[in-house]
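**Q** My structure is below; once you've seen it, I'll send some questions.
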Amino acid sequence: MGKNLVEKILERHLLSGKLTPGEEIGIRIDQTLTQDATGTMAYLQFEAMNIPKVKTELSVSYIDHNTIQIGFENADDHRYLQTVAQKYGIVLSRAGNGICHQVHLERFGKPGKTLIGSDSHTPTGGALGMFAIGAGGLDVALAMAGKPFYLTCPKVVKINLSGRLRPWISAKDVILKVLEIFTTKGNVGTVFEYGGDGLKTLSVPERATIANMGAECGVTTSVFPSDGETLKFLTSQKRKKDFVQLEADKDAAYTKVVDIDLSRIVPLAAKPHSPDNIATVKSMKKLPVNQVCLGSCTNSSYKDLVTAAKILRGKVAHPDVSFILASGSRQVLENLARQGYLADLIASGARLMENACGFCIGNSQSPPSGAVSLRTSNRNFLGRSGTMDADVYLVSPETAAAALLTGKFIDPRELKMPYPRVKMPRTFHLDDSLFEWPRKNTKSVKIYRGPNIGAPPINSPLPDNIEAQVTIKLGDKITTDHIIPAGARMKYRSNIPRYAEFVFEILDGTFPARAARIRDEVRHNVIVAGLSYGQGSSREHAAICPMYLGVKAVIAKSFERIHAANLVNFGILPLLFADEADYDRIAQGDRLTIPNVRAALEDGETLTVENRTKHLTFTVRHTLSPRQRSLILAGGALNASCTS
């Protein structure tokens, strides 16, 4: 039996365990990336390990999220990141250089390499044939320290692409079709591997859009072969030497094969408030549009923005529509400028934003009250835009451009113009001057710490008994944005006591005070949730801040991969209902006891929970590996690494 692409890459990096789906494995990590919203805490954790220099082949620190500097906090954190990079042998990508995923794809990604990043859209690197995974900052810190990265050996689903996309249909429509098929739930422990004759029609930037939003399905990552298109892309970046051909064997085995005919896909949109709430653009019935945001790490490649520029050339955005443009990288923006396309976009009314995450994470360009906002980004969670009652739709650049011209949500095929074809440059104009490269002599480097930067909080070891209150009860599909808000609040990312004041702000602003009171009474907090708890961002603050408030366990119907790992890393038990009907028997405010929890963890996979308020008991289970159990018992991975 031949090997699939995932098996080939993992086999070369395997440090522990067996490549059997469902078993925990440890792999060697070649590259890491961080961004400033999560990287600050990751580097504080790395510092706590007392390692003199990163041990990876390459580690890059990107400043791309919190570039809006109102108050001193973000600027101070950027200085901290700069000096940490100088001290520990890390490449720094300065503010203005672009979004981590786009820039890493352009300048550093290599076929066959492993990459983890403290951002859930790190799988964008799969477009180059990398095994690229989003992870919590602590996992990234451990990888930089030379430790293995642990994950559940994934099942591999092959998505077989055939045919060719028709005019006005693009890669964004492909991944929206994948989300329609797989949804955002039930894909934990799975990798999407793309194959088929249709691949040769998709460039690396198009593949990057698809790999980027595979994260919304909850998969571990998405992987494309490294082929002729990969070679073209690397050559255009003057990195031909990095090319390695990688493909699955013809007789490779897969858990499942799903066929998608590219020629049958139509313009699609993700409706509020989930990336899997898919409908055809035609069914939007020409809904009036108030805002269009073009860009983000999902759809801001050269091809995406030139396509939009050609559609808009000689025309001006509808007067009712605010047009926001954020390029994914300085490289893309500079090439657009040199070739005249940026002038076309500005002439059409584009409001030029930084080469940064900006509108996607809700830290700028919030839409008006009750607005309809069309965005080419990857998430449309409730309130993520910064406006709670706005309706955000995820669309392709073609659909976004059609709305800009007409002021309405229309199928771009209705535009009375030929579809613009984009010829990719043989080589891009390159300028790496906004990278700061590691220094040889680091002895004189002094790490800068502003007043907003504090040490990462240390949890206490797991107690013998958890005596808790159900501090909040939640439904299905709770995202990390629900747990700890993005946007302007993220400037407190390195100040956990302050950031913890906003836990569950979107759902219940009284939670932090209630949890802190219970914690201060020397009791514990428990969160109860439904399906797919912890969707979305890799933001480990969604685990750190609840830990700081005294949360010892989350009992849910199911968890998403990255968040479950983050809970373990910070000593919070992720527990599953053995019988999901027990979810309905618990109310917020109930007093729960989990007796002899340390012994129960060591003895098996089930625990008994006593509901003292309702005078009943129920069973929960866990899927923790022996390694994860030891982390929970120690109070988290940082405790364990500092004492080992």
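**Q** Scan segment 118-139 for residues that are over 30 Å from ASP411 (Cβ atoms) and either in the same structural domain as ALA564 (by TED's automatic domain parsing) or in contact with a Leu (Cβ under 8 Å, 6 or more places away or on another chain) (or both) and jot them down.
**A** Of everything in segment 118-139, those that are over 30 Å from ASP411 (Cβ atoms) and either in the same structural domain as ALA564 (by TED's automatic domain parsing) or in contact with a Leu (Cβ under 8 Å, 6 or more places away or on another chain) (or both) turn out to be SER118, ASP119, THR122, GLY125, LEU128, GLY129, MET130, PHE131, ALA132, ILE133, LEU138.
**Q** Got a sec? Which strands (runs of 3 or more DSSP E) wholly within segment 1-80 have at least 1 residues that are on the phi < 0 side of the Ramachandran plot and in contact with a Leu (Cβ under 8 Å, 6 or more places away or on another chain)?
**A** Numbers: elements: 14-16, 24-27, 31-35, 58-62.
Per the criteria, 24-27, 31-35, 58-62.
**Q** Could you list, in sequence order, the residues of segment 273-318 that are under 20 Å from THR183 (Cβ atoms) and within 19 Å of the chain's Cα centre (by Cα)?
**A** At the first step, the residues of segment 273-318 found to be under 20 Å from THR183 (Cβ atoms) are 273-281, 283, 298.
Within segment 273-318, HIS273, SER274, PRO275, ASP276, ASN277, THR298 meet the criteria.
**Q** Given the conditions (1) in contact (Cβ under 8 Å) with a residue 60 or more places away in the chain; (2) surrounded by fewer than 18 Cβ atoms within 10 Å (Cβ to Cβ), and given that ILE632 satisfies all but one, which numbered condition is not satisfied?
**A** Going through (1) in contact (Cβ under 8 Å) with a residue 60 or more places away in the chain; (2) surrounded by fewer than 18 Cβ atoms within 10 Å (Cβ to Cβ) one by one, ILE632 breaks only (2).
**Q** Go over the candidates ALA553, ALA543, ALA600, ALA578 one by one and state the one that is hydrophobic (A, V, I, L, M, F, W, C), without any contact (Cβ under 8 Å) to a residue 60 or more places away in the chain and in contact with a Leu (Cβ under 6 Å, 6 or more places away or on another chain).
**A** Working: ALA553 fails: without any contact (Cβ under 8 Å) to a residue 60 or more places away in the chain; ALA543 fails: without any contact (Cβ under 8 Å) to a residue 60 or more places away in the chain; ALA578 fails: in contact with a Leu (Cβ under 6 Å, 6 or more places away or on another chain).
On inspection, the qualifying residue turns out to be ALA600.
**Q** Within segment 556-571, track down each residue that is more than 20 Å from the chain's Cα centre (by Cα) and either under 16 Å from ALA516 (Cα atoms) or among the charged types (D, E, K, R) (or both).
**A** Residue satisfying the conditions is LYS557 alone.
**Q** Counting only residues that are in a helix (DSSP H, G or I), aliphatic (A, V, I, L, M) and out of contact with any strand residue (DSSP E or B) (no Cβ under 8 Å at 6 or more places or on another chain), which one in segment 302-332 is surrounded by the most Cβ atoms within 10 Å (Cβ to Cβ)? Quick ask: steps written out before the conclusion?
**A** To start, the set of residues in segment 302-332 that are in a helix (DSSP H, G or I) comprises 302-312, 330-332.
Imposing the further condition that a residue be aliphatic (A, V, I, L, M) reduces the set to 305-306, 308-309, 311-312, 332.
Filter once more, keeping what is out of contact with any strand residue (DSSP E or B) (no Cβ under 8 Å at 6 or more places or on another chain): 306, 309, 311-312.
Working: VAL306: 24, ALA309: 27, ILE311: 23, LEU312: 23.
Out of the qualifying residues, it is ALA309.
**Q** Please pick out the residue among ALA553, ALA543, ALA599 that is over 31 Å from the mean Cα position of the chain (by Cα) and either surrounded by 23 or more Cβ atoms within 10 Å (Cβ to Cβ) or assigned to a helix (DSSP H, G or I) (or both). Show your work before the answer.
**A** Details: ALA553 fails: over 31 Å from the mean Cα position of the chain (by Cα); ALA543 fails: over 31 Å from the mean Cα position of the chain (by Cα).
Among ALA553, ALA543, ALA599, only ALA599 is over 31 Å from the mean Cα position of the chain (by Cα) and either surrounded by 23 or more Cβ atoms within 10 Å (Cβ to Cβ) or assigned to a helix (DSSP H, G or I) (or both).
**Q** Right, next: Just name the residue that is nearest to SER296 (Cα to Cα) out of those in segment 75-108 that are modelled with pLDDT of 95 or more and of a type in the set (D, E, K, R).
**A** Top of the filtered list is GLU106.
**Q** Failed condition for GLY475, given (1) crowded, with 16+ Cβ neighbours inside 10 Å; (2) touching a residue at least 40 places away in the same chain (Cβ under 8 Å), with all others met?
**A** (1) is the only condition that GLY475 fails.
**Q** Now for a different question. Does any residue of segment 148-160 turn out to be surrounded by fewer than 24 Cβ atoms within 10 Å (Cβ to Cβ), in contact with a helix residue (DSSP H, G or I) (Cβ under 6 Å, 6 or more places away or on another chain), at pLDDT 95 or above and under 27 Å from VAL281 (Cα atoms)?
**A** no
**Q** Of everything in segment 459-501 that's hydroxyl-bearing (Ser, Thr, Tyr) and closer than 24 Å to ARG591 by Cα, which residue is modelled with the highest pLDDT?
**A** Step one: filter segment 459-501 for residues hydroxyl-bearing (Ser, Thr, Tyr), giving 460, 471, 479-480, 492, 494, 499.
Now drop any that are not closer than 24 Å to ARG591 by Cα, which leaves 460, 471.
Details: SER460: 91, THR471: 97.
Top of the filtered list is THR471.
**Q** Yes or no: segment 392-414 includes at least one residue that is aliphatic (A, V, I, L, M), out of contact with any strand residue (DSSP E or B) (no Cβ under 8 Å at 6 or more places or on another chain), surrounded by fewer than 18 Cβ atoms within 10 Å (Cβ to Cβ) and part of a loop (DSSP other than H, G, I, E, B).
**A** Within segment 392-414, none of the residues are aliphatic (A, V, I, L, M), out of contact with any strand residue (DSSP E or B) (no Cβ under 8 Å at 6 or more places or on another chain), surrounded by fewer than 18 Cβ atoms within 10 Å (Cβ to Cβ) and part of a loop (DSSP other than H, G, I, E, B).
**Q** Same structure, new question: Could you tell me which residue of segment 471-485 is farthest from the chain's Cα centre (by Cα), considering only residues that are among the aliphatic types (A, V, I, L, M) and not in a loop (DSSP other than H, G, I, E, B)?
**A** Applying the first criterion (among the aliphatic types (A, V, I, L, M)) to segment 471-485 yields 472, 474, 478, 483-484.
Subsequent filtering for residues that are not in a loop (DSSP other than H, G, I, E, B) retains 472, 483.
Numbers: ILE472: 25, ILE483: 15 Å.
Here the answer is ILE472.
**Q** Take the residues of segment 602-625 that are over 32 Å from the mean Cα position of the chain (by Cα) and part of a loop (DSSP other than H, G, I, E, B): which is surrounded by the fewest Cβ atoms within 10 Å (Cβ to Cβ)?
**A** Ranking the qualifying residues of segment 602-625, first place goes to HIS615.
**Q** Among the candidates THR280, THR221, THR230, which residue alone is buried (at least 22 other Cβ atoms within 10 Å of the Cβ), within 24 Å of GLY536 (Cα to Cα) and not small (Gly, Ala, Ser)? Steps first, answer last, please.
**A** Numbers: THR280 fails: buried (at least 22 other Cβ atoms within 10 Å of the Cβ); THR230 fails: within 24 Å of GLY536 (Cα to Cα).
None of the others qualify; the one that does is THR221.
**Q** Determine whether segment 62-74 contains at least one residue that is touching a Ser or Thr at 6+ places or on another chain (Cβ under 6 Å), under 17 Å from PRO123 (Cα atoms) and modelled with pLDDT of 95 or more. Give the steps one after another, and end with the answer.
**A** Step one: filter segment 62-74 for residues touching a Ser or Thr at 6+ places or on another chain (Cβ under 6 Å), giving 62, 68.
Still in the list and also under 17 Å from PRO123 (Cα atoms): 62.
Filter again for modelled with pLDDT of 95 or more, leaving 62.
Yes, segment 62-74 contains a residue that is touching a Ser or Thr at 6+ places or on another chain (Cβ under 6 Å), under 17 Å from PRO123 (Cα atoms) and modelled with pLDDT of 95 or more.
**Q** Can you tell me which residue within segment 491-531, out of those that are part of a loop (DSSP other than H, G, I, E, B) and buried (at least 21 other Cβ atoms within 10 Å of the Cβ), is farthest from the chain's Cα centre (by Cα)? Spell out how you get there, then give the answer.
**A** Our first condition is that a residue be part of a loop (DSSP other than H, G, I, E, B); within segment 491-531, this holds for 493-495, 503-510, 521-523, 529-531.
Applying the additional criterion that residues be buried (at least 21 other Cβ atoms within 10 Å of the Cβ) yields 493-494, 503-504, 529.
Details: ARG493: 16, SER494: 19, VAL503: 19, PHE504: 19, ALA529: 21 Å.
Among those residues, the one meeting the criterion is ALA529.
**Q** Also, quick follow-up: Across segment 136-186, what is the total count of residues that are of a type in the set (A, V, I, L, M, F, W, C), part of a strand (DSSP E or B) and closer than 30 Å to PRO456 by Cα? Break it down into steps so the answer makes sense when it comes.
**A** Residues of segment 136-186 of a type in the set (A, V, I, L, M, F, W, C): 138, 140-145, 149, 151, 153, 156-157, 159, 161, 165, 168-169, 171, 174-176, 178-179, 181-182.
With part of a strand (DSSP E or B) added as a condition, the list becomes 149, 151, 156-157, 159, 161.
Subset that is closer than 30 Å to PRO456 by Cα: 149, 151.
Summing the residues that are of a type in the set (A, V, I, L, M, F, W, C), part of a strand (DSSP E or B) and closer than 30 Å to PRO456 by Cα in segment 136-186 gives 2.
**Q** Going through VAL91, VAL140, VAL174 one at a time, which residue ends up being among the aliphatic types (A, V, I, L, M), surrounded by fewer than 23 Cβ atoms within 10 Å (Cβ to Cβ) and in contact (Cβ under 8 Å) with a residue 60 or more places away in the chain?
**A** Values: VAL140 fails: surrounded by fewer than 23 Cβ atoms within 10 Å (Cβ to Cβ); VAL174 fails: surrounded by fewer than 23 Cβ atoms within 10 Å (Cβ to Cβ).
On inspection, the qualifying residue turns out to be VAL91.
**Q** Being surrounded by fewer than 24 Cβ atoms within 10 Å (Cβ to Cβ) and within 20 Å of the chain's Cα centre (by Cα): is that true of THR67 here? Step through it out loud before you land on a result.
**A** Working: surrounded by fewer than 24 Cβ atoms within 10 Å (Cβ to Cβ): yes; within 20 Å of the chain's Cα centre (by Cα): yes.
Criteria met by THR67.
**Q** Listed residues ALA455, ALA468, ALA488; which is assigned to a strand (DSSP E or B) and closer than 30 Å to VAL551 by Cα?
**A** On the way: ALA455 fails: assigned to a strand (DSSP E or B); ALA488 fails: assigned to a strand (DSSP E or B).
It is ALA468.
**Q** Considering segment 72-117 alone, what residues qualify as being out of contact with any Pro (no Cβ under 7 Å at 6 or more places or on another chain), of a type in the set (Gly, Ala, Ser) and more than 18 Å from GLU216 (Cβ to Cβ)? Give the derivation first.
**A** Within segment 72-117, the first condition is being out of contact with any Pro (no Cβ under 7 Å at 6 or more places or on another chain), and the residues that meet it are 72-88, 92-117.
Then keep just the ones that are of a type in the set (Gly, Ala, Ser); that gives 75, 85, 93, 95-96, 98, 109, 112, 117.
Result: ALA75, ALA85, SER93, ALA95, GLY96, GLY98, GLY109, GLY112.
The values are calculated or read from the model by the stated rules, or taken from the named source; none is laboratory data. Small disclaimer: the values here were computed from a predicted structure and weren't measured. With ideal geometry, Cβ positions are generated from the backbone for all residues, glycine too; neighbour counts draw on all protein chains shown.
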